[in-house]
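Engineer: I'd like to ask you about the structure that follows.
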Amino acid sequence: RRNYRNAFHSLSSIVKEDGIGGLFVGAGPTVVRAMALNMGMLASNDQAKEYLDSMGVTGAPKIFGASAIAGFFASAFSLPLDFIKTQIQKMKPLPDGTMPYSSAFDCAAKTMAEGGPLAFYKGFPTYYIRIAPHSMLTLIFLNYVTEFQRENGF
(Lines give C-alpha, C1' and ligand atoms only; values in the text may rest on other atoms or scores of the structure.)
Protein backbone atom coordinates (compact mmCIF):
# COMPACT_ATOMS: atom_id res chain seq x y z
CA ARG A 1 0.00 0.00 0.00
CA ARG A 2 1.22 3.44 -0.82
CA ASN A 3 -1.37 5.25 1.32
CA TYR A 4 -2.79 7.51 -1.35
CA ARG A 5 -5.24 10.11 -0.07
CA ASN A 6 -7.59 9.73 -3.05
CA ALA A 7 -7.67 8.73 -6.72
CA PHE A 8 -6.25 12.04 -7.93
CA HIS A 9 -3.38 11.85 -5.45
CA SER A 10 -2.58 8.31 -6.63
CA LEU A 11 -2.58 9.33 -10.29
CA SER A 12 -0.38 12.37 -9.74
CA SER A 13 2.03 10.44 -7.49
CA ILE A 14 2.43 7.62 -10.00
CA VAL A 15 3.05 10.07 -12.85
CA LYS A 16 5.61 12.02 -10.77
CA GLU A 17 7.46 8.89 -9.66
CA ASP A 18 7.23 6.67 -12.75
CA GLY A 19 6.07 8.90 -15.60
CA ILE A 20 2.96 8.34 -17.67
CA GLY A 21 4.07 4.77 -18.35
CA GLY A 22 3.69 4.01 -14.64
CA LEU A 23 -0.08 4.20 -15.08
CA PHE A 24 0.10 1.25 -17.45
CA VAL A 25 2.31 -1.16 -15.51
CA GLY A 26 0.76 -4.58 -15.94
CA ALA A 27 -1.67 -3.45 -18.66
CA GLY A 28 -0.34 -5.88 -21.28
CA PRO A 29 -0.84 -8.99 -19.15
CA THR A 30 -4.24 -7.67 -18.06
CA VAL A 31 -5.40 -7.38 -21.67
CA VAL A 32 -4.11 -10.85 -22.56
CA ARG A 33 -5.84 -12.33 -19.49
CA ALA A 34 -9.13 -10.66 -20.47
CA MET A 35 -8.85 -12.05 -24.00
CA ALA A 36 -8.27 -15.59 -22.68
CA LEU A 37 -11.19 -15.29 -20.26
CA ASN A 38 -13.59 -14.13 -22.98
CA MET A 39 -12.37 -16.73 -25.47
CA GLY A 40 -12.88 -19.53 -22.95
CA MET A 41 -16.25 -18.16 -21.89
CA LEU A 42 -17.79 -17.45 -25.29
CA ALA A 43 -16.52 -20.46 -27.24
CA SER A 44 -17.37 -23.00 -24.56
CA ASN A 45 -20.82 -21.49 -23.99
CA ASP A 46 -21.84 -22.16 -27.58
CA GLN A 47 -20.39 -25.67 -27.48
CA ALA A 48 -22.10 -26.41 -24.16
CA LYS A 49 -25.46 -25.23 -25.53
CA GLU A 50 -25.10 -27.54 -28.51
CA TYR A 51 -24.14 -30.46 -26.27
CA LEU A 52 -27.01 -29.84 -23.85
CA ASP A 53 -29.41 -29.56 -26.82
CA SER A 54 -28.24 -32.96 -28.05
CA MET A 55 -29.04 -34.37 -24.59
CA GLY A 56 -32.56 -32.91 -24.72
CA VAL A 57 -31.94 -30.13 -22.19
CA THR A 58 -33.84 -26.97 -23.17
CA GLY A 59 -34.95 -23.62 -21.81
CA ALA A 60 -33.56 -22.11 -18.61
CA PRO A 61 -31.70 -25.28 -17.48
CA LYS A 62 -29.80 -25.30 -20.78
CA ILE A 63 -28.89 -21.62 -20.49
CA PHE A 64 -27.87 -21.94 -16.84
CA GLY A 65 -25.94 -25.19 -17.39
CA ALA A 66 -24.09 -23.91 -20.45
CA SER A 67 -23.11 -20.73 -18.65
CA ALA A 68 -21.79 -22.73 -15.65
CA ILE A 69 -19.69 -24.86 -18.01
CA ALA A 70 -18.47 -21.69 -19.72
CA GLY A 71 -17.52 -20.25 -16.34
CA PHE A 72 -15.31 -23.30 -15.72
CA PHE A 73 -13.52 -22.91 -19.04
CA ALA A 74 -13.20 -19.15 -18.63
CA SER A 75 -11.47 -19.84 -15.31
CA ALA A 76 -9.25 -22.58 -16.73
CA PHE A 77 -8.13 -20.47 -19.69
CA SER A 78 -7.52 -17.26 -17.77
CA LEU A 79 -6.06 -18.35 -14.41
CA PRO A 80 -2.50 -18.93 -15.68
CA LEU A 81 -2.52 -15.47 -17.25
CA ASP A 82 -4.13 -13.96 -14.17
CA PHE A 83 -1.40 -15.52 -12.05
CA ILE A 84 1.31 -13.97 -14.25
CA LYS A 85 -0.49 -10.60 -14.29
CA THR A 86 -0.75 -10.58 -10.51
CA GLN A 87 2.90 -11.53 -10.05
CA ILE A 88 3.99 -8.67 -12.32
CA GLN A 89 1.68 -6.12 -10.74
CA LYS A 90 2.73 -6.92 -7.18
CA MET A 91 6.48 -7.41 -7.71
CA LYS A 92 8.85 -5.38 -5.60
CA PRO A 93 12.56 -4.77 -6.18
CA LEU A 94 14.96 -7.42 -4.92
CA PRO A 95 17.68 -6.41 -2.40
CA ASP A 96 20.05 -5.61 -5.29
CA GLY A 97 17.48 -3.21 -6.78
CA THR A 98 16.48 -5.35 -9.76
CA MET A 99 12.96 -6.56 -10.36
CA PRO A 100 12.19 -10.28 -10.04
CA TYR A 101 10.74 -10.49 -13.55
CA SER A 102 11.78 -8.64 -16.68
CA SER A 103 8.59 -9.50 -18.60
CA ALA A 104 5.49 -11.67 -18.56
CA PHE A 105 7.43 -14.35 -20.45
CA ASP A 106 10.20 -14.24 -17.85
CA CYS A 107 7.61 -14.60 -15.08
CA ALA A 108 6.02 -17.58 -16.84
CA ALA A 109 9.38 -19.27 -17.43
CA LYS A 110 10.50 -18.82 -13.82
CA THR A 111 7.14 -20.03 -12.50
CA MET A 112 7.28 -23.11 -14.74
CA ALA A 113 10.86 -23.87 -13.69
CA GLU A 114 10.09 -23.48 -9.97
CA GLY A 115 6.66 -25.11 -9.72
CA GLY A 116 5.80 -26.83 -12.99
CA PRO A 117 2.58 -26.29 -14.95
CA LEU A 118 0.28 -26.75 -11.95
CA ALA A 119 1.85 -23.72 -10.26
CA PHE A 120 -0.25 -21.58 -12.62
CA TYR A 121 -3.42 -23.14 -11.20
CA LYS A 122 -2.88 -22.48 -7.51
CA GLY A 123 -6.16 -21.33 -6.03
CA PHE A 124 -8.31 -22.62 -8.90
CA PRO A 125 -11.40 -23.38 -6.75
CA THR A 126 -11.39 -19.87 -5.31
CA TYR A 127 -10.80 -18.36 -8.73
CA TYR A 128 -13.66 -20.39 -10.22
CA ILE A 129 -16.01 -19.22 -7.46
CA ARG A 130 -15.03 -15.65 -8.30
CA ILE A 131 -15.16 -15.92 -12.11
CA ALA A 132 -18.05 -18.34 -12.71
CA PRO A 133 -20.84 -16.09 -11.38
CA HIS A 134 -19.55 -13.21 -13.50
CA SER A 135 -19.46 -15.44 -16.58
CA MET A 136 -22.84 -16.97 -15.84
CA LEU A 137 -24.60 -13.64 -15.33
CA THR A 138 -22.97 -12.18 -18.43
CA LEU A 139 -23.95 -15.14 -20.61
CA ILE A 140 -27.48 -15.44 -19.25
CA PHE A 141 -28.01 -11.72 -19.86
CA LEU A 142 -26.48 -12.03 -23.34
CA ASN A 143 -28.82 -14.91 -24.14
CA TYR A 144 -31.92 -12.97 -23.15
CA VAL A 145 -30.79 -9.84 -25.01
CA THR A 146 -30.14 -11.94 -28.13
CA GLU A 147 -33.58 -13.58 -27.86
CA PHE A 148 -35.23 -10.17 -27.36
CA GLN A 149 -33.48 -8.80 -30.43
CA ARG A 150 -34.40 -11.84 -32.54
CA GLU A 151 -38.06 -11.64 -31.47
CA ASN A 152 -38.27 -7.90 -32.16
CA GLY A 153 -36.49 -7.80 -35.51
CA PHE A 154 -33.22 -6.19 -34.48
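Engineer: Just the residues that are in contact (Cβ under 8 Å) with a residue 60 or more places away in the chain and in contact with a Phe, Trp or Tyr (Cβ under 9 Å, 6 or more places away or on another chain), please, taken from region 76-111.
Structural biologist: The one that is in contact (Cβ under 8 Å) with a residue 60 or more places away in the chain and in contact with a Phe, Trp or Tyr (Cβ under 9 Å, 6 or more places away or on another chain): Ile88.
Engineer: Still on this structure, I have one more. List the pairs whose first member sits in region 113-139 and is without any contact (Cβ under 8 Å) to a residue 40 or more places away in the chain, whose second member is of a type outside the set (Lys, Arg) and open to solvent by less than 30 Å² (accessible area, probe 1.4 Å), and whose Cβ atoms are under 7 Å apart, counting only residues at least 6 apart or on separate chains?
Structural biologist: Correct list of pairs: Ala119/Thr111.
Engineer: Residue check, Gly26 against (1) modelled with pLDDT of 90 or more; (2) under 29 Å from Thr138 (Cβ atoms), all met but one. Which one?
Structural biologist: (1) is the only condition that Gly26 fails.
Engineer: Suppose we filter region 1-59 for residues that are closer than 25 Å to Ala74 by Cβ and basic (Lys, Arg); how many remain?
Structural biologist: Total meeting the criteria: 2.
Engineer: In region 21-73, what residues are open to solvent by less than 20 Å² (accessible area, probe 1.4 Å) and in contact with a Ser or Thr (Cβ under 7 Å, 6 or more places away or on another chain)?
Structural biologist: Matches in region 21-73: Ala36, Leu37, Gly40, Met41, Asn45, Ser67, Ala70, Gly71.
Engineer: Applying the selection to region 77-95, what residues are open to solvent by 40 Å² or more (accessible area, probe 1.4 Å) and of a type in the set (A, V, I, L, M, F, W, C)?
Structural biologist: Phe77, Leu81, Phe83, Met91, Leu94, listed by residue number.
Engineer: For region 110-139, how many residues meet the condition of being among the basic types (Lys, Arg) and open to solvent by less than 80 Å² (accessible area, probe 1.4 Å)?
Structural biologist: Summing the residues that are among the basic types (Lys, Arg) and open to solvent by less than 80 Å² (accessible area, probe 1.4 Å) in region 110-139 gives 1.
Engineer: List, please: which pairs have Cβ atoms under 9 Å, are six or more places apart or on different chains, and start with a residue in region 10-21 that is aliphatic (A, V, I, L, M) and end with one that is outside any helix (DSSP H, G or I) and open to solvent by 90 Å² or more (accessible area, probe 1.4 Å)?
Structural biologist: Qualifying pairs under 9 Å: Ile14/Arg2; Ile14/Val25.
Engineer: Right, next: Report whether or not Thr98 is among the polar types (S, T, N, Q), assigned to a loop (DSSP other than H, G, I, E, B) and either more than 16 Å from Tyr128 (Cα to Cα) or open to solvent by less than 50 Å² (accessible area, probe 1.4 Å) (or both).
Structural biologist: yes
The values are calculated or read from the model by the stated rules, or taken from the named source; none is laboratory data. Every value quoted in this text rests on a predicted model; they were computed, and no experiment measured them. Note that each Cβ is placed from the backbone with ideal geometry, even for glycine, and that neighbours are counted across all protein chains shown. When the accessible area is computed, the model is the full protein with side chains, heavy atoms only, and any ligands, DNA or RNA have been set aside. Shrake-Rupley method; radii C 1.70, N 1.55, O 1.52, S 1.80 Å.
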